[in-house]
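The values are calculated or read from the model by the stated rules, or taken from the named source; none is laboratory data. Owing to the predicted nature of the structure, the values given are computational and were not obtained by experimental measurement. A quick note on method: Cβ atoms are made from the backbone with ideal geometry, for glycine too, and the neighbour counts reach across all protein chains shown. When the accessible area is computed, the model is the full protein with side chains, heavy atoms only, and any ligands, DNA or RNA have been set aside. Shrake-Rupley method; radii C 1.70, N 1.55, O 1.52, S 1.80 Å.
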Amino acid sequence: MTQSVLIVDDEPDIRELLDITLSRMGLDTHSAATLGEAREMVERIRPDLCLTDMRLPDGNGISLVEFIQQEFSHIPVAMITAHGSVETAILALKAGAFDFISKPIELENLRKLVSSALQLEGDTSRTQEAVDQELIGSAPAIQTLRQQISKLARSQAPVHIHGESGSGKEVVARLIHNNGARADGPFVAVNCGAIPPELMESELFGHMKGAFTGASHDKVGLFQAASGGTLFLDEVADLPLSMQVKLLRAIQEKTIRPVGASEEQRTDIRLLSATHKNLETEVQAGRFRQDLYYRINVIGVQVPALRERLEDLPALTTTILNRICAAGSKAAYLDKSALAALRDYSFPGNVRELENMLERALALSDGEKITAGDLQFSSAGTDTRPASEAKPAERTNPGRSVHEAFGDLEGYLEDLEREIVSAALEESRWNKTAAAKLLGISFRSLRYRQKKLGLDD
């Protein structure tokens, strides 16, 4: 069955241009010149896609976006905006538009937009089922997150994902990508905090041979590597201010210029970003540009911390253990004492910490059953009181008495250093450059400490 597109614009020349272009793509087209006509035709013909101008004689295109979102949410809507009208584009995306295209309309970009939008399935239940299977849990915050992911998968809007380290921000980003129109394209994830500032521009935009000392060949940047797919900028708050300016331009103009290149190159990516920091606070402190904040935070998503959904622990632990065991390990389950111990823990490292904890417990357990004694908890998550409220013996080490701690001060300090270095390495996913930055020490110093503490890999 031939797919249909509704064109809504009060300019006959624009309607004719779009009609010719879409007809050559093998699509049926219908036209409307006003908001009233458009609403009537949407209800009557149920198009597979709607292209609407922003300014219409009897209203604006955002009203049509909101109407379709409310009454026919399976129909994607793309907004036609004036050149450089970023604010209008953002309003349209916030209202639920699939994407936008600026005037004067570039036909190649139009064809790409239309092709992507028409790849979306009219039946949204499949997307919902896919998200349900991947996102484990039934806590209210997780149910809300599922609904957001299913909706955002049907859009090209930039999304900013906020949540604590280890809470699953990249999982959410992958779900948005895998269930959207760009699912067949690449998903490129980059930790902005792990790239040295002097290499940031080359990593994101690429470089030309001879652009700088050591540039022995052309290099494709991450923007181009993600072409046709999704670029996920994790820990985006760690971008230097100088790089934030260039990123903003790349997003707004949809072009990048590799280091050493004389011409700009078009980009075709969907941008997702994440951080564990509060971007509003970073903006107020002058560490993050306000204009970039508004551009990447078109739609915000909050990933709940694990301690906020402890009712999901049984389902999470079962899923994680099944996955570990499927990799060739022995079958295992948690007994009541282990689940009770987990519920009493605050999980500063969230789901990632739970996964690491269960892997260690499985290795240490004697049989299939994992008990509370097999679990190893970080002292950071066992007492949530401020340090000033803890008793002297508790402040030294919950597992040692004052006499034990100060009777072997050197050993105690080494244990403490090992715990801090391990936590930094885990948080940075064992990226040594990022871990050294977290600890405020040099890369060489981190390597020395790893070797001294027996943490070398």
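Determine the dipole magnitude for the range 239-331: charges of +1 sit on the beta-carbon of Lys and Arg, -1 on that of Asp and Glu, nothing else is charged, the reference point is the Cα centre, and the result goes in debye to the nearest 20. Kindly include the intermediate steps, with their values, before the conclusion.
Working: 14 positive and 10 negative charges, 41 e Å.
Dipole about the Cα centre, nearest 20: 200 debye.
Would you kindly state how much longer the chain becomes between Val245 and Arg111 on full extension, computed as 0.36 nm times their sequence separation minus their alpha carbon distance, in nm to one decimal? Mind showing how you got there, number by number?
Details: separation 134, 0.36 × 134 = 48.24 nm, distance 2.96 nm.
Gain on stretching Val245 to Arg111: 45.3 nm.
Over the alpha carbons of the chain, what is the largest minus smallest coordinate on each principal axis, giving the biggest first in Å?
Result, largest extent first: 87, 56, 43 Å.
Could you tell me which of the pairs Lys209/Lys432; Lys246/Lys432; Lys94/Lys151; Lys277/Lys437; Lys169/Lys254 are separated by over 20 angstrom between their Cα atoms in the structure shown?
Lys209/Lys432; Lys246/Lys432; Lys169/Lys254, as the Cα separations exceed 20 Å there.
Once the dipole of the chain is set up with Lys and Arg at +1 and Asp and Glu at -1 on Cβ about the Cα centre, which of Cys325, Gly300, Gly228 lies farthest towards its positive end?
Going by the Cα projections, it comes out as Cys325.
With a probe of 1.4 Å, find how much accessible area the chain has per residue, and write the answer as a whole number in Å².
Numbers: 22660 Å² over 457 residues.
Here the residues of the chain average 50 Å² of exposed surface.
Pull out a ≥ b ≥ c, the square roots of the eigenvalues of the alpha-carbon gyration tensor of the range 1-49, then state rounded if a/c is under 1.5, prolate if not and a/b is larger than b/c, and oblate in the remaining case.
Numbers: a/c = 3.54, a/b = 1.10, b/c = 3.22.
Oblate, since a/c reaches 1.5 and b/c is not below a/b.
Which distance in nm do the two modelled labels at Glu263 and Gln119 give, with both placed 7 Å along the Cα-to-Cβ direction?
Result for the modelled spin labels: 2.6 nm.
Put +1 on the Cβ of every Lys and Arg and -1 on every Asp and Glu Cβ in the range 129-204; which of Val172, Ala153, Pro186 then has its Cα farthest towards the positive end of the dipole?
Positive-end residue among those listed: Ala153.
Name the residues whose placed amide hydrogens come within less than 5 Å of the amide hydrogen of Arg154, ignoring near sequence neighbours (fewer than 5 apart) on the same chain.
Here nothing satisfies the definition.
Based on Cβ point charges of +1 for Lys and Arg and -1 for Asp and Glu, what charge dipole magnitude is obtained for the chain about its Cα centre, in debye rounded to the nearest 20? Present the calculation step by step, with values, prior to reporting the outcome.
Details: 51 positive and 66 negative charges, 177 e Å.
My answer is approximately 840 debye.
Of Ala363, Gln133, Gln290, whose Cα points farthest to the positive end of the dipole of the chain (charges on the beta-carbon: +1 Lys, Arg; -1 Asp, Glu; origin at the Cα centre)?
Checked the options; the winner is Ala363.
Does the range 4-87 come out rounded, prolate or oblate, given a ≥ b ≥ c as the square roots of the eigenvalues of its C-alpha gyration tensor, rounded meaning a/c under 1.5 and, failing that, prolate meaning a/b above b/c?
Working: a/c = 1.44, a/b = 1.04, b/c = 1.38.
It is rounded, given that a/c, with a ≥ b ≥ c, falls under 1.5.
On a C-alpha basis, how far is the centre of the range 34-50 from the centre of the range 188-236 in Å? Whole number, if you could?
Comparing the Cα centres of the range 34-50 and the range 188-236, I get a distance of 43 Å.
Mind putting a number on the dipole of the range 220-293 about its Cα centre? Charges go on the C-beta only, +1 for Lys and Arg and -1 for Asp and Glu, and I need it in Debye to the nearest 20.
Roughly 120 debye, rounded to the nearest 20.
Once amide H atoms are placed 1.01 Å from N in the peptide plane, what residues at a sequence separation of 5 or more from Gln119, or on another chain, have their amide H within under 5 Å of its amide H?
none
Would you pull out the residues with amide H under 5 Å of Ser428's amide H, same chain only if 5 or more places away, H placed 1.01 Å from N?
Amide H neighbours of Ser428: none.
Return the FRET efficiency for the residue pair Asp58, Ala82: r is the Cβ-Cβ distance, R0 is 22 Å, and the value is rounded to the nearest 0.05.
That gives a FRET efficiency of 0.70.
What relative contact order, as a whole-number percentage, does the chain give when Cα pairs under 8 Å and 6 or more residues apart are counted?
Values: 702 pairs, mean separation 50.9, N = 457.
Computed over the chain, the figure is 11 percent.
How would you classify the range 297-356 from its alpha-carbon gyration tensor, with a ≥ b ≥ c the square roots of the eigenvalues: rounded for a/c under 1.5, else prolate if a/b is greater than b/c, otherwise oblate?
oblate
So what J values fall out for the range 436-448 if you push phi through Karplus, 6.51 cos²θ - 1.76 cosθ + 1.60 with θ = phi - 60°, rounded to Hz, Gly and Pro as x?
Calculated HN-Hα couplings, in order: 4, 5, 4, 7, x, 10, 7, 4, 4, 5, 5, 4, 5 Hz.
Quick one: Karplus J couplings for the range 17-25, per residue in order, coefficients 6.51, -1.76, 1.60, θ = phi - 60°, nearest Hz, x for Gly and Pro?
4, 5, 4, 5, 4, 6, 5, 5, 8
Restricting to the chain, compute how many DSSP beta bridges are antiparallel as a %, nearest 5. The partial results should precede the final answer.
Working: 6 of 43 bridges.
Roughly 15 percent of the beta bridges in the chain run antiparallel, per DSSP.
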